[in-house]
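Take a look at the structure below.
Read-outs throughout are calculated quantities, based only on the coordinates presented, and are distinct from any laboratory measurement. All figures in this text were calculated on a predicted structure; none of them were measured in a lab. FYI the Cβ positions are ideal-geometry reconstructions off the backbone, even for glycines, and counts take in every protein chain you see.
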Amino acid sequence: MLENKSVAVLLAGSAALWLVATQRAQAGGSDPQEFTEIERGRYLAITSDCASCHTVPGGKPFAGGRPIETPFGNIVAPNITPDLETGIGAWSEEAFDGAVRKGVRPNGARLYPAMPYNAYTKMSRDDVDAIRAYLNSLDPVSNVVIANTLPFPFNIRATMRIWDALYFKAGEFRPDPAKSAEWNRGAFLVDGPAHCGACHTPKTFLGGDRTDQYLQGSYLQGWSAPDITNDKRMGLGEWSAEDVASYLKTGHNRISAATGPMAEAVSLSTSHMTDEDTRAIAAYLKSLPGKAGIETPLPANSATMSAGNAIYRDQCSACHGIEGKGVAKLFPSVASSSIVRSNDPTTAIRMVLRGARSVGTRGEPTAPGMPSYGWQLDDGQVAAVLNYIRNSWGGAAPAIDARDVSRVRSDTAARPD
Ligand code: HEC
Ligand code: HEC
Ligand code: HEC
């Protein structure tokens, strides 16, 4: 039940959008360097997407109470408004910094890494002080957040000491002097405030980053987040830096459209970044080689490919095109999408079964939708049409079968869209 709720709120996050939008309007100029401390803090809070987890959609911004789904259970995000009793108004700057960059509460208790302190540690003390100054400038909201209960042994916060020892490396971002200022800005944003790896880097069974597969795609909350390195087969190899930047800015580009948790990241965070910052992220991601490896496409005359070809022509080609190229900013190019070719097909399967609605942003207010086929195609047919688009037009990806589809059907059945 709780799990349903957490996904419901996760997907409905646009409620906090008005907040970001009004704040952005008040903030004026676009050069973060020139912002005063509060304005700088506001921009960093948007870049870090603090509002998404710490706000129940429809509720008071930053007042907490939203359950964050993890493989170990839901962890409820606390109230971080300056309320003295129920928020963090009484916390010193030191204590705030301890929570945000080190994952430690003032009483010494460890935070769960559902709060991405392992990424925020890359920020400077100045950055975190600015975020605090911004939060302090907001109205205090009295809201008691009921803490979560995780199953043993994760209910014992001290076990997080072990987690920290294994997976947490405290320390500010250090620029690489051999690289450009733009690249370094991108690396800082991706690894620090924007915490892209929280969703895109595969996790160990304890939820720590598999650093050897940095940004190569991961499963979360009923979705697969694809490889976002420059890998040609599974990643952003076919995207130009401009494609990446416009996806982050508007939620769409000539290849893909953001949906689910990524739609929320775009609407609350990346679409409000400056053009310099989305371009810096793009430049950085395009510099990562990735290593998905070579895959041979399934033979075009195999049973699953022929069946898939027929279904594709019938059901899908009207929008995605006979050649899979789609229509820029409206219908994704299934021939070049990393979601399609990902080794983990969860998101592609889920979208065919349940349909999807992309995100509307200020730059592109229309949110194109994809119909659901879960009632019309059986599991074998869904597998076939996906095998076809995964292995046509120069693409290649491992074959999937009816069992993969049935797994996603039951995994997502309990979750709202
Ligand atoms: C991905 C979700 C997520 C994001 C993004 C996030 N937080 Fe959190 N935060 C949490 C969760 C969940 C907890 C509670 C963890 C626990 O109970 O151990 C938490 C705890 C905290 C705490 C400790 C409060 C207390 O009462 O113990 C502070 C302070 C905090 N977050 C500030 C921030 C700030 C500032 C940002 C943005 C820079 C931010 N958070 C972004 C999920 C998030
Ligand atoms: C809350 C989890 C989450 C965070 C944080 C997140 N992503 Fe994503 N991302 C996803 C999921 C899930 C998808 C797949 C769904 C989709 O494409 O809309 C995705 C898709 C993408 C895609 C599209 C790939 C394709 O082929 O369509 C890009 C590019 C991307 N993310 C980049 C980023 C960057 C850069 C960041 C950090 C600024 C980031 N993401 C942060 C979850 C996340
Ligand atoms: C009415 C037009 C339409 C039809 C018909 C359609 N789609 Fe889509 N499809 C879309 C739109 C719009 C999106 C983007 C939705 C989003 O991101 O939320 C999309 C997204 C996708 C994606 C994710 C790609 C990415 O990069 O975001 C896949 C995979 C996909 N469709 C496969 C199919 C298959 C397979 C069929 C036929 C069984 C099909 N679609 C039929 C409109 C359509």
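Can you give me the pair-distance distribution of segment 125-255, C-alpha pairs, 10 Å bins, whole percents?
Per 10 Å bin, starting at zero, the Cα-Cα P(r) for segment 125-255 comes out as 9, 27, 34, 23, 6 percent.
Take the Cα radius of gyration of segment 122-177 and divide it by 2.2 N^0.38 Å, with N its residue count; two decimals is plenty.
Ratio of Cα Rg to 2.2 N^0.38 Å: 1.67.
Select from segment 131-185 those trypsin sites (Lys or Arg not before Pro) which occupy a DSSP coil region and have at most 13 other Cβ atoms within 10 Å, ordered by residue number.
Answer in residue order: 169.
So, by mean Cβ neighbours within 10 angstrom, what's the order for 253-263, 364-374 with the highest one leading?
Per-residue mean Cβ counts within 10 Å order the peptides as 253-263, 364-374.
From the Cα gyration tensor of segment 77-182, with a ≥ b ≥ c the square roots of its eigenvalues, which class applies: rounded if a/c is under 1.5, or else prolate if a/b is larger than b/c, or else oblate?
In terms of gyration-tensor shape, oblate.
Can you count the Lys pairs in the chain with C-alpha separation below 20 Å, eight or more apart or on different chains?
15
Within the P(r) computed for segment 181-286, what percentage of the Cα pairs occupies the region above 23 Å?
That tail contains 19 percent of the Cα-Cα pairs.
Please compute, over every Cα-Cα pair in the chain, the percentage with a separation greater than 35 angstrom.
Tail of the P(r) past 35 Å holds 27 percent of the pairs.
Does segment 33-123 classify as rounded, prolate or oblate by the C-alpha gyration tensor (a ≥ b ≥ c root eigenvalues; a/c under 1.5 gives rounded; else a/b over b/c gives prolate, otherwise oblate)?
rounded
Under a crude label model (7 Å from the Cα following the beta-carbon direction), how far is residue 403 from residue 301 in nanometres?
With each label point 7 Å from Cα toward Cβ, the separation is 2.9 nm.
Percent relative contact order of segment 303-413, based on C-alpha pairs within less than 8 angstrom and at least six residues apart?
Taking the mean separation of contacting Cα pairs over the length of segment 303-413, I get 30 percent.
What does the C-alpha gyration tensor say about the overall shape of segment 291-332? Classify as rounded when a/c is under 1.5, otherwise prolate if a/b is larger than b/c, or oblate.
Here segment 291-332 falls in the oblate category.
Can you tell me the alpha carbon radius of gyration of segment 94-133 divided by the globular rule-of-thumb value 2.2 N^0.38 Å?
1.05
Can you give the relative contact order of the chain as a percent, counting alpha carbon pairs under 8 Å and 6+ residues apart?
Once divided by the residue count of the chain, the mean separation gives 15 percent.
Going through segment 297-374, which trypsin sites (Lys or Arg not before Pro) have at most 13 other Cβ atoms within 10 Å and a DSSP loop state?
Passing sites in segment 297-374 are 362.
Bins of 5 Å, beginning at zero and ending with the bin holding the largest distance: percent of Cα pairs per bin for segment 173-238, please.
P(r) for segment 173-238, in whole percents per bin: 4, 17, 21, 24, 20, 10, 3, 1.
Quick one: give the max-minus-min coordinate of the C-alpha atoms of segment 303-413 along each principal axis, largest first, in Å.
If we take the Cα atoms of segment 303-413, the spans are 42, 32, 25 Å.
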